[in-house]
1. Would you mind listing the helices (runs of 4 or more DSSP H) fully within the stretch 14-126 where at least 2 residues are more than 29 Å from residue 149 (Cβ to Cβ) and over 18 Å from the mean Cα position of the chain (by Cα)?
2. What tally of residues in the stretch 23-47 results from selecting those that are within 16 Å of ligand 1 (Cβ to nearest atom) and either among the hydroxyl-bearing types (Ser, Thr, Tyr) or in contact (Cβ under 8 Å) with a residue 24 or more places away in the chain (or both)?
3. Filter the stretch 32-90 down to the residues that are farther than 17 Å from residue 265 by Cα and of a type in the set (D, E, K, R) and list them by number.
4. Consider only pairs whose beta carbons are under 6 Å apart and that are at least six residues apart or on different chains; among these, list those whose first residue lies in the stretch 235-252 and is farther than 12 Å from residue 113 by Cα and touching a residue at least 12 places away in the same chain (Cβ under 8 Å) and whose second residue is basic (Lys, Arg) and within 15 Å of ligand 2 (Cβ to nearest atom).
5. Looking only at the stretch 98-129, which residues are more than 16 Å from ligand 1 (Cβ to nearest atom) and on the phi > 0 side of the Ramachandran plot?
6. Going through the stretch 123-154 one residue at a time, which ones are of a type in the set (A, V, I, L, M, F, W, C) and closer than 14 Å to residue 226 by Cα?
7. Of everything in the stretch 71-97, what is more than 16 Å from ligand 1 (Cβ to nearest atom), on the phi < 0 side of the Ramachandran plot and in contact (Cβ under 8 Å) with a residue 24 or more places away in the chain? Give them in sequence order.
8. So in the stretch 261-280, with the set limited to residues that are within 16 Å of ligand 2 (Cβ to nearest atom) and either among the polar types (S, T, N, Q) or more than 13 Å from the chain's Cα centre (by Cα) (or both), which one is nearest to residue 249 (Cα to Cα)?
Amino acid sequence: MPKLCIIPGDGIGLEVIPAAVQVLEKIIPDLEVVYAEAGWNCFQKYGVSVLPQTMDTIRDCGAALFGAVSSPSHQVQGYRSAILTLRQELDLFANLRPVRSLPVVSPRADIDMILVRENSEGLYSGLETIQDGRATATRVITRQASFRIAKQSMRIMQQLNRKKLSIIHKANVLPLTDGLFRDTVREVVSSYEQQGYCIDVEEILVDVAAFRMLSDPQKYDVLVTTNLFGDILSDAAAYWCGGLGMAPSLNLGEGIGLAEPVHGSAPDIAGKGIANPIAAILSAALLVRFIWQQQEAANQIEAAVHQSLIEFGDLGINPSVHMPGTQVILNRILANL
Ligand code: NAD
Ligand code: IPM
Ligand code: MN
């Protein structure tokens, strides 16, 4: 029986996660769910952004669905972003961010890419200091983390029968760090080639990659990149699936997964009942596909989302523009399951 730790978090996390849980409970009737706390609300209540029992529950379940948390953009004594803490403590080293054209809401119909973001190091190493008007951040790239993100990319490519890998880096300016990343990814690709699994590989400097994300996004298949580049490119890519309200992601570790929409806690719309639950629902589908390996159930969730968008379109409603309401969108998806 699959077990799931649910962490709604803050803001619209409290609205979109219960919607995604309803979808999961309909498609997997024997799902066992356990609720846990993390985020800014949790910090205000208990003085920590992630409770120790939250960590234990995720480890015990092996799967979590996370909403979003709010983080102040100035330093607050004792506070550390809950999602960064979870990624680090649970060694969630890969972040899968698929972006596919969706009916009605996508600006174009030919997009089908998966961004594989290194999730454990780079500029997220937490090594930031300031002294005498000079602030520095250390960008850590290791062979070990580059190796495992490359292997993860290859595993995903094999599972989903993908053909082209774009390695995105900035080795022209960062030859040691991004050179190591690039060379390690190439080494892993070669080892697969020697075993008879061949793909197309290209290298793109991150600035050109950003331009291409706008000019020719349909040319991307699987992208692998370092942490901050992946963060930035995945928000840009999300435009093509209809915006942040539609963009799912899955943080992966060894035998553990934490799904979360790409969007944040959206304080501007929180509490109004208008948040789009589709990103959270598609994130839940990623758990179903990649953690519980229930391909048919994942396909059904995705098909219900597609069908619902088509039906909204027939009514002249584009849910990423008109925001029909969390409950209205959820009801339609449940009806199509
Ligand atoms: P955001 O993603 O919360 O919102 C950006 C814009 O997109 C807003 O206008 C918002 O209304 C809209 N939006 C986002 N999700 C939507 C949805 N489901 N339906 C409809 N519209 C949606 O980003 P932000 O405003 O930069 O950040 C707000 C807070 O969230 C910050 O504290 C930030 O640190 C945090 N954040 C958390 C996560 C996370 O927990 N994984 C991710 C990003 C940002
Ligand atoms: C994301 C978010 C996080 C990140 C923030 C909230 C720490 O933007 O999941 O993309 O930078 O990774
Ligand atoms: Mn981001």
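1. On the way: elements: 40-46, 52-61, 82-89.
So the answer is 40-46.
2. The first filter runs over the stretch 23-47 and keeps only residues within 16 Å of ligand 1 (Cβ to nearest atom), leaving 23, 36-44.
Still in the running and either among the hydroxyl-bearing types (Ser, Thr, Tyr) or in contact (Cβ under 8 Å) with a residue 24 or more places away in the chain (or both): 23, 36-43.
Residues in the stretch 23-47 being within 16 Å of ligand 1 (Cβ to nearest atom) and either among the hydroxyl-bearing types (Ser, Thr, Tyr) or in contact (Cβ under 8 Å) with a residue 24 or more places away in the chain (or both): 9 in total.
3. Passing the criteria: 32, 45, 56, 59, 60, 87, 89.
4. 249/97; 251/87
5. Selection gives 122 alone.
6. Here is the first cut: in the stretch 123-154, the ones of a type in the set (A, V, I, L, M, F, W, C) are 123, 127, 130, 135, 137, 140-141, 145, 147, 149-150, 154.
Answer for the stretch 123-154, where residues must be of a type in the set (A, V, I, L, M, F, W, C) and closer than 14 Å to residue 226 by Cα: 123, 140, 141, 145, 147, 149, 150.
7. If we filter the stretch 71-97 for residues that are more than 16 Å from ligand 1 (Cβ to nearest atom), which is where we start, we get 77-78, 91, 93.
Within this subset, residues satisfying the condition of being on the phi < 0 side of the Ramachandran plot are 77, 93.
Within the stretch 71-97, just 93 meets the criteria.
8. Our first condition is that a residue be within 16 Å of ligand 2 (Cβ to nearest atom); within the stretch 261-280, this holds for 261-268, 270, 279-280.
Now drop any that are not either among the polar types (S, T, N, Q) or more than 13 Å from the chain's Cα centre (by Cα) (or both), which leaves 265-268, 270.
Numbers: 265: 15, 266: 17, 267: 20, 268: 22, 270: 21 Å.
Taking the candidates together, the pick is 265.
The values are calculated or read from the model by the stated rules, or taken from the named source; none is laboratory data. This is a predicted model, so every value here is computed, not measured. Positions of Cβ are generated from backbone atoms using ideal geometry, with glycine treated the same way; all protein chains shown enter the neighbour counts.
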